[in-house]
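Encoded as structure tokens, the structure appears first; notes follow it.
The values are calculated or read from the model by the stated rules, or taken from the named source; none is laboratory data. Note that the structure is predicted; figures quoted are calculated from it, not measured. When we count neighbours, we look across all protein chains shown, and the Cβ atoms used for this are built from the backbone with ideal geometry, even at glycine.
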Amino acid sequence: MRPFGGRLLFLLAGLAACSPDRPVNLQPTPANGDILRLIEEIGFRGPVAIVTATPIEDGHRRATKRSLMVPPAQRDAFGAALRAHPAAAARLTLALQQADEITDPNQIDSLNNTRRDSLQVLVAPSILNRPASAGGPVENLVQFSLEFLDIDPNGNIFFVPGGDIDSLLLMARIHSAGHYHDGSSLLEDTLPRRVGRFDPRTGSFTTSFQTTWHVPEFSQEINHTIRLTERGGPNDGQTRFFFNVFPYASRVTGLHRIPPGGATYVRTGGTTEHPEDFNDWAVQPLIDAIVSFATAYNQARGDVVRVNDLSLFFGGRFDVGRASTVNGVTVLTPCHEGDLQSCWGNANGHQEHRLGTEADLNLTTNTLLNRAGFYRLLLSHFQSVYPEGNHWHVRDAASIYNPPR
Ligand SMILES: [Zn+2]
Ligand SMILES: [Zn+2]
């Protein structure tokens, strides 16, 4: 092996020597030049980070989106500048290619969850438990390229020629996507298991800084911050802090809420952590199958189906089992990255229920005849059926968790 290894090393060294140095491009990305002019037009005079984001979902590159970040103290001024110049603001929105939101917005709690027009970059959550029969685990990524604008001492906007990224931080928007966990803890809001991670998180750059967001398994809205120290240019050595203008979202698109049932089924299963309004969302074929199953079961047995958890409204990992009740008081398990069982990664609860293709169903009146009728009808309405605790876990034909046929 030794001679071969030596040759391999030689070859690799040769490749490294032959590969051209990465071109040092002191010119900003052309489209970002347009953004500079539009920011001049709306009259905003403050530092801006231009984020060019390219999602890579299941290995496929998706359309690149741009978004802006400004210092937290200047968000109001930026909003006011946009409102004061609607024509330029509209062109700026166009230049940013703002994402379309296609999740059914009906019944989403507008107080605690973002409106459809205010999300920026959208990406599907990673599915690290995707079975081999469905292609194996998938980690979704978003490649970021960051360029920065600042104002020189004469009040002119310029592209920052280079600098040091001192920190990049991802933060969950509290209570977003139906995760009503303890939102008051910075530790929990920034947990890599929950929000994913940037790689790299720091570094020096010329013209633009490249980094990759490793998207989490959890769906939620995510904010991010950047701390930059400028190197070269009129503001050499000065530090800037940026916050995104709109949140990003990691989520599954196109889920619908199963309608209130009435005579044949009821929606149940809401908890303090994942309230009822958010826990019964699914793809339409699964909703149709549940409704028709409930009608058939009700006609056969005169009993009512209890529809427990489906998926959260943005899908993603559905981490039940976080709360326990002690002396009548609901207590959340304390959270840290090392606690894989109970903190944003419960190994026991809802390994599936991520893509709107699985549901937990139960009967109301537990008799032997009802159970027999319930089970027989489940088999004729769903692709696969498993007993799970005191209920049945069923899968739509589209579920990636169905056993291979
Ligand atoms: Zn949760
Ligand atoms: Zn289940």
Subject >> Selection from the range 296-329 of residues that are surrounded by fewer than 12 Cβ atoms within 10 Å (Cβ to Cβ) and either modelled with pLDDT under 90 or within 16 Å of ligand 2 (Cβ to nearest atom) (or both) >> reply: 324, 325, 326, 327, 328, 329
Subject >> Any chance residue 190 is over 14 Å from the mean Cα position of the chain (by Cα) and β-branched (Val, Ile, Thr) >> reply: no
Original post:
So which of 379, 355 ends up being more than 16 Å from ligand 2 (Cβ to nearest atom) and on the phi < 0 side of the Ramachandran plot?
Top reply: 379
Original post:
Are any residues in the range 355-391 assigned to a strand (DSSP E or B) and crowded, with 21+ Cβ neighbours inside 10 Å, and if so, which ones?
Top reply: 358, 359, 360, 361
